[in-house]
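Working notes for the structure below.
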Amino acid sequence: MSKKNIILIIVISVLFIAALIGVYFLTKEDESLSISGTVLIPGDNYIILETKDGDYLVENASAYQVGDKVKITYKKSSLKENTSPKEITAQEDKLIQASKTDKEDEIIDDEEEIENNSSNTPSINNTDNNNTSKNKTNNSSKQNTNNSSNNVTSSNNSSNTSKNTTSNNGANNSSSQVTKSADEEVLAYVNTLKANANNGITDTLKSGFITIVDFLFYDGKIAGHTFSELTTSAKLEVLKAALWVDDKIDSVFPGYKETISNGANKVYTSVKGMIVSTYLDITTSICSSHSDLCESAKRDFQSLKQSFGFTWDMIKDLASSGLDKLKNWYEIWSGK
């Protein structure tokens with residue numbers, strides 16, 4: 001056999017083996033796998049599934065309820081292991097066991113049906129009918145009395161309002177001083193605190209941290225204003241600044257939060273989680289009524305997530321006492 005033929009046979013053999021290896025891996029990648037778990041979040045065309053191996057974002061899933069046990073079949077090629085939660089696309093999904101909530105609802109429905117049937121039974125107790133009539137008369141009399149009282153109160157309030165308005169108008173006319181709004185005064189304080197810290201002036205950072213935390217969570221005041229007085233957008237700005245200050249305290253004064261928490265009635269060590277929870281709650285409220293502001297708040301949270309390292313596990317832990325809010329929080333965290 002010539003040398004050329006031997007080389008040709010070797011080349012063909014190598015190509016054949018490579019082809020077999022390629023087919024093997026392609027088949028391996030395209031194999032069907034399955035996982036089972038409990039529905040943590042039911043979304044629009046997706047679910048978050050909690051399994052023994054972690055959480056999975058399952059795209060193209062059917063509609064389920066929180067707590068349903070589900071089996072998902074998917075192609076291995078659709079698995080994204082480097083995301084959190086991991087991502088897969090469902091080929092097939094199957095309900096294994098309905099949530100307890102569904103079963104409880106069925107029991108409640110049955111009890112309501114029995115109660116309704118019972119209430120439809122004619123009454124033959126004349127005494128009860130007479131008592132009912134008397135109660136209606138008495139209630140009607142009380143209601144008329146209350147309405148009369150309310151009318152008097154309303155009239156008095158109207159009179160007082162008129163007097164106050166006149167008084168306030170007089171005060172406003174006599175004063176030429178322009179006062180700043182609560183938003184302006186509070187944001188000026190936190191921005192000055194940040195600017196000083198950025199410039200290496202940290203003398204007021206400790207006291208500023210306590211002031212901001214008390215302002216957010218313990219009815220404290222900044223420039224005479226409370227957190228509830230701020231507009232929604234200003235609240236989010238203060239919360240973002242608070243995260244920055246919290247992070248700065250940890251880097252400049254490590255252990256300081258633990259020191260001031262000892263023996264105190266206030267919590268300063270878990271401030272980061274408290275701030276994030278508040279931000280997510282406010283953003284959820286925004287997204288329920290203002291779609292334009294919602295997108296802006298979500299984008300801001302994506303920046304915060306990158307800057308301060310918010311993880312899915314952190315968000316999940318923060319919502320552990322209220323899983324009903326987890327869906328909204330996840331969609332803000334993921335930017336969906």
Inverse of <1/r> over all distinct C-alpha pairs of segment 177-220, i.e. the Kirkwood Rh in Å, gives 11.3 Å
Rh_Kirkwood(segment 172-285) over Cα pairs, Å, one decimal, evaluates to 15.0 Å
Please compute the modelled spin-label separation between S32 and A18, points set 7 Å along Cα→Cβ, answer in nm with one decimal.
3.3 nm
Sorted on mean Cβ neighbours within 10 Å (highest first), peptides 2-14, 217-229, 250-262 come out as 217-229, 250-262, 2-14
Please compute the alpha carbon radius of gyration of segment 28-69, then divide it by the globular-protein estimate 2.2 N^0.38 Å. Two decimals is fine.
1.18
What do the square roots of 5 times the Cα gyration tensor eigenvalues come to for segment 227-312, in whole Å, largest first, as semi-axes of the equivalent ellipsoid?
27, 15, 10
Segment 201-265 versus segment 272-336: alpha-carbon centroid distance in Å:
20 Å
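Every number here is computed from the coordinates shown, using simple stated rules; none is lab data. The shown structure was predicted, so the numbers you read here are calculated from the model rather than taken from an experiment. Methodologically, a virtual Cβ is constructed for each residue, glycine included, from the backbone with ideal geometry; neighbour enumeration extends over all protein chains shown.
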